[in-house]
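Have a look at the structure below before the remarks.
The values are calculated or read from the model by the stated rules, or taken from the named source; none is laboratory data. Keep in mind that this is a model prediction, so the values were computed, not measured. All Cβ positions, even for glycine, are placed from backbone atoms using ideal geometry, and neighbour counts span all protein chains on display. Please note that ligands, DNA and RNA were not included when accessible areas were found on the heavy atoms of the full protein model with its side chains. Shrake-Rupley method; radii C 1.70, N 1.55, O 1.52, S 1.80 Å.
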Amino acid sequence: MFGFSAPIALLMGFGMWTLPPSPRWLLLRAIQGKGPLQEYKEKAIGALSKLRGRPAGDKVSEKQIEDTIISLKTAYTDEEAEGNFLEVLQGPSLKAFTIGGGLVLFQQITGQPSVLYYAGSILQSAGFSAAADAARVSVVIGIFKSLMTAVAVLKADDLGRRPLLIGGVCGIALSLFLLSAYYKFLGSYPFVAVSALLLYVGCYQISFGPISWLMVSEIFPLRTRGKGISLAVLTNFGSNAIVTFAFSPLKELLGAENLFLLFGVIALLSLVFVVTSVPETKGLTLEEIESKILK
């Protein structure tokens, strides 16, 4: 089972080997005296053309690079290329970490590891007594998860980040309350558990799943982006571990119905966080996000 994943990992490794460097990173190094501007500008044009699937050195990429140079000169000429971890907890970077870290934290503590990791046992309790039956339904959930992720990819720039987050988190809360109700007094209706799982997966995959990472990648100032994303990833996997290990003890202590009720309440709190604290970044450049939202 684990061996089947190896070719996919190798394919991903080869793909990453062919990725060009970030055009903005190249330009920032040139602007701050880390290399000749013309050389790095040409590299940036080539990298952007490759990333956008355009012919090498096309005029559109050249114009975008020229515009980026102007905005970077305005913002970063007198600054070092990269901030430190302490700077992530100060000023505009702290605001960015509050937004990005908050999203990936709520992504986990609304029960994502528990609902998805334990989908098989939830389905078995819903009447799919054979492990094979539960596994088949889990495969259907996985396919549905992929389809809903595609919806988020196609609509994130059309609808914006906030509408997808708000709508998705509302659905997550509803699905968790349905799971709680199933364990509390709807146990004779197994379709409720399956419907709640599908609703949870679908809403998660159009909101917290992809949008949190999209926001993390674009919300941090360029100086602290690497360090900020690192801390956000640490927050994500740390909270993931806590929720995963705490699920079984909490289920024994509170019962499944009260545990999913707790997750539902946390989902409502995350909705408040999204509505009050998460800005819309659709259509903004990275420099505009930093100047208009973070300052």
Residue 41 fails exactly one of (1) in contact with an Asp or Glu (Cβ under 9 Å, 6 or more places away or on another chain); (2) open to solvent by 80 Å² or more (accessible area, probe 1.4 Å); (3) at pLDDT 85 or above, namely (2)
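I'd like to check something: does the range 12-29 contain any residue that is more than 24 Å from the chain's Cα centre (by Cα), open to solvent by less than 30 Å² (accessible area, probe 1.4 Å) and in contact (Cβ under 8 Å) with a residue 40 or more places away in the chain?
Applying the first criterion (more than 24 Å from the chain's Cα centre (by Cα)) to the range 12-29 yields 26-29.
Keeping just the survivors that are open to solvent by less than 30 Å² (accessible area, probe 1.4 Å) gives 26-28.
Of the ones still in play, those that are also in contact (Cβ under 8 Å) with a residue 40 or more places away in the chain are 27-28.
Within the range 12-29 (the criterion being more than 24 Å from the chain's Cα centre (by Cα), open to solvent by less than 30 Å² (accessible area, probe 1.4 Å) and in contact (Cβ under 8 Å) with a residue 40 or more places away in the chain), the answer is yes, since at least one residue qualifies.
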When you look at residue 176, is it closer than 26 Å to residue 282 by Cβ, open to solvent by less than 30 Å² (accessible area, probe 1.4 Å) and at pLDDT 80 or above, yes or no? no
Of everything in the range 52-72, what is more than 18 Å from residue 30 (Cβ to Cβ) and either part of a helix (DSSP H, G or I) or among the hydrophobic types (A, V, I, L, M, F, W, C) (or both)? Give them in sequence order. 52, 56, 59, 60
Exclusive hit being at negative phi and outside any helix (DSSP H, G or I), set 186, 253, 198: 186
If you scan the range 32-45, which residues turn out to be in contact with a helix residue (DSSP H, G or I) (Cβ under 8 Å, 6 or more places away or on another chain) and either under 16 Å from residue 56 (Cβ atoms) or assigned to a helix (DSSP H, G or I) (or both)? 37, 39, 40, 41, 43, 44, 45
Going by what's in this entry, would residue 243 be described as part of a helix (DSSP H, G or I), buried (at least 17 other Cβ atoms within 10 Å of the Cβ), in contact with a Phe, Trp or Tyr (Cβ under 6 Å, 6 or more places away or on another chain) and at pLDDT below 90? no
Residue identified as in contact with a Lys or Arg (Cβ under 8 Å, 6 or more places away or on another chain) and either crowded, with 18+ Cβ neighbours inside 10 Å or closer than 27 Å to residue 94 by Cα (or both) among 292, 282: 282
Has the range 194-216 got at least one residue that is free of Cβ contacts under 8 Å to residues at least 24 places away in the same chain, open to solvent by 10 Å² or more (accessible area, probe 1.4 Å) and not polar (S, T, N, Q)? no
Of everything in the range 83-100 that's in a loop (DSSP other than H, G, I, E, B) and at pLDDT 80 or above, which residue is surrounded by the fewest Cβ atoms within 10 Å (Cβ to Cβ)? 90
Please state which of the following conditions residue 141 fails to meet, knowing it meets all the rest: (1) at pLDDT below 85; (2) surrounded by fewer than 15 Cβ atoms within 10 Å (Cβ to Cβ). (2)
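Can residue 270 be described as out of contact with any Pro (no Cβ under 7 Å at 6 or more places or on another chain), touching a residue at least 40 places away in the same chain (Cβ under 8 Å), farther than 30 Å from residue 67 by Cα and assigned to a helix (DSSP H, G or I)?
yes
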Residue 161 fails exactly one of (1) among the charged types (D, E, K, R); (2) open to solvent by less than 40 Å² (accessible area, probe 1.4 Å); (3) at pLDDT below 85, namely (3)
Return a yes/no flag: does the range 48-59 have any residue that is modelled with pLDDT under 85 and either crowded, with 19+ Cβ neighbours inside 10 Å or among the basic types (Lys, Arg) (or both). no
